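S.K.: Pasting a structure below so you can have a look.
The values are calculated or read from the model by the stated rules, or taken from the named source; none is laboratory data. Quick caveat, the model's predicted, so the values are computed rather than measured. Positions of Cβ are backbone-derived with ideal geometry, glycine not excepted, and every protein chain shown enters the neighbour counts.
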Amino acid sequence: MRIVHNLDLVNYNSYKLHSIAETAYFPESIEEITEVVTHEHPIIIGGGCNVILTKVKYSQPFLFIRDNYSGICQHEEKLIVKAGTDLKVLSEYALSHSISGLEWFYDIPGCVGGATIMNAGCNGGSFGDLITRVTFFDVDKGIVTALPKEDLHFEYRGNIFSSMNVVILEVELSLRKGTKEDILSLMESNKANRWSKQPRDFPSAGSVFKRPKGLFVGPMITELGLKGYRVGDAMISEKHAGFIVNVGHATGNEILELIEIVRKKVKERFNVELDVEQRMI
Ligand SMILES: Cc1cc2nc3c(=O)[nH]c(=O)nc-3n(C[C@H](O)[C@H](O)[C@H](O)COP(=O)(O)OP(=O)(O)OC[C@H]3O[C@@H](n4cnc5c(N)ncnc54)[C@H](O)[C@@H]3O)c2cc1C
């Protein structure tokens, strides 16, 4: 297993925040994962595309589940995917095998484990819609176990794992046959549509807030005149007010401060409590 000391996390989080991990583990097997998790109580990171690093330096170790623990196994339209597999790589694999269902995940940055924990999704549905089984290490019980979809209780950006201490190891996805032309066309149109609305020219971690039922966060923040509002180098995107972007050398604490300002103003004006989707570490 690769172990790196004093790793600058700038290339391991999509906000591009600088922060040092005193120890970072890159396991390649279930045995290595369970060993580190059992003895070190690490912070688990996949693609780092939905996290805010709030510390300058972490003495708590990091465990990375990304390309060091990735792979796809296919049984017709069923894919068994390791948690570190990149969503773009996965959707490109599906395209090349004429398997439909993952077109929406082509443009959602991150890995399969992170997408499972977050139940990532967009207009086209959520990752949990495709999942039929998840294998994970239950840290509190110290066992590797698997649960079928019925027991996972997927909901908007959540599931049974939200209240558990687990490492996602493997996910089974039930997909369907498609034609390469249709799959590619949906992947590309979805990507073009998203890029036309989202600030892809600056680092971010996607939507900051969960969508309150029946409401849209971006328009509320826009109405407050907060587009372009900054704390240091953390800025409410001028393109999409639901995103905070790093326009230079933002810190996690600047992002947190900006989030609190937005939450306070939204509460005052609209009487709506915004929940943060991104995970603060
Ligand atoms: C430009 C941009 C656009 C985005 N658009 C969307 C969108 O449309 N929809 C959407 O839902 N999200 C979106 N996101 C957010 C992000 O892409 C998703 O939440 C994605 O699923 C995060 O995956 P990750 O591997 O990067 O997770 P990470 O950020 O690494 O981790 C997220 C959480 O999952 C935990 N975790 C990660 N892997 C594991 C594992 N194997 N076992 C246990 N816990 C784990 C982490 O501890 C953390 O709490 C966007 C982000 C960006 C930068």
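S.K.: Find the residue count for region 107-157, including only residues that are assigned to a helix (DSSP H, G or I), out of contact with any Phe, Trp or Tyr (no Cβ under 9 Å at 6 or more places or on another chain) and more than 8 Å from the ligand (Cβ to nearest atom).
M.R.: Qualifying residue count for the region: 3.
S.K.: A further question follows. Would you mind telling me which numbered condition in (1) more than 23 Å from the chain's Cα centre (by Cα); (2) charged (D, E, K, R); (3) within 15 Å of the ligand (Cβ to nearest atom) K177 fails?
M.R.: Condition (3) is where K177 drops out.
S.K.: For residues that are assigned to a strand (DSSP E or B) and basic (K, R), scanning just region 158-201, find the one that is nearest to G218 (Cα to Cα). Before the answer, list the steps.
M.R.: Quick first cut of region 158-201, residues assigned to a strand (DSSP E or B) only: 158, 166-174, 176-177.
Right, trim to basic (K, R) and you get 176-177.
Numbers: R176: 34, K177: 36 Å.
Checking each candidate, the answer is R176.
S.K.: Considering only region 250-281, how many residues are of a type outside the set (S, T, N, Q), outside any helix (DSSP H, G or I), out of contact with any Gly (no Cβ under 8 Å at 6 or more places or on another chain) and away from the ligand (no atom under 13 Å from the Cβ)?
M.R.: Here the count works out to 4.
S.K.: Could you check how many residues of region 45-69 are of a type in the set (S, T, N, Q) and within 11 Å of the ligand (Cβ to nearest atom)?
M.R.: Residues that pass the stated criteria total 1.
S.K.: Run E170 past the list (1) crowded, with 21+ Cβ neighbours inside 10 Å; (2) over 16 Å from G46 (Cα atoms); (3) not β-branched (V, I, T) and report the number of the one that doesn't hold.
M.R.: (2)
S.K.: Quick one: K16 ticks every box in (1) within 11 Å of the ligand (Cβ to nearest atom); (2) closer than 16 Å to G114 by Cβ except a single one, so which number is it?
M.R.: Exception for K16: condition (2).
S.K.: What is the number of the single condition among (1) under 13 Å from V171 (Cβ atoms); (2) more than 11 Å from the ligand (Cβ to nearest atom) that A83 does not meet?
M.R.: (2)
S.K.: Another question about this same structure. Find all pairs meeting these conditions: Cβ atoms under 8 angstrom apart; at least six residues apart or on different chains; first residue within region 200-211 and of a type in the set (K, R); second residue in a loop (DSSP other than H, G, I, E, B).
M.R.: Close Cβ pairs satisfying both conditions: K210/Y156; K210/R157; K210/L274; K210/D275; K210/E277; R211/Y156.
S.K.: Would you tally the residues in region 211-248 being at pLDDT 95 or above and assigned to a loop (DSSP other than H, G, I, E, B)?
M.R.: Adding up the residues that qualify gives 16.
S.K.: While we're here: Could you tell me whether region 239-246 includes any residue that is in contact with a His (Cβ under 9 Å, 6 or more places away or on another chain), outside the structural domain of S162 (by TED's automatic domain parsing) and at negative phi?
M.R.: No, there is no match, as no residue in region 239-246 is in contact with a His (Cβ under 9 Å, 6 or more places away or on another chain), outside the structural domain of S162 (by TED's automatic domain parsing) and at negative phi.
S.K.: Quick one: in region 1-38, which of the residues that are among the β-branched types (V, I, T) and in contact with a His (Cβ under 8 Å, 6 or more places away or on another chain) is surrounded by the fewest Cβ atoms within 10 Å (Cβ to Cβ)?
M.R.: So, considering only residues that are among the β-branched types (V, I, T) and in contact with a His (Cβ under 8 Å, 6 or more places away or on another chain), the one surrounded by the fewest Cβ atoms within 10 Å (Cβ to Cβ) is V10.
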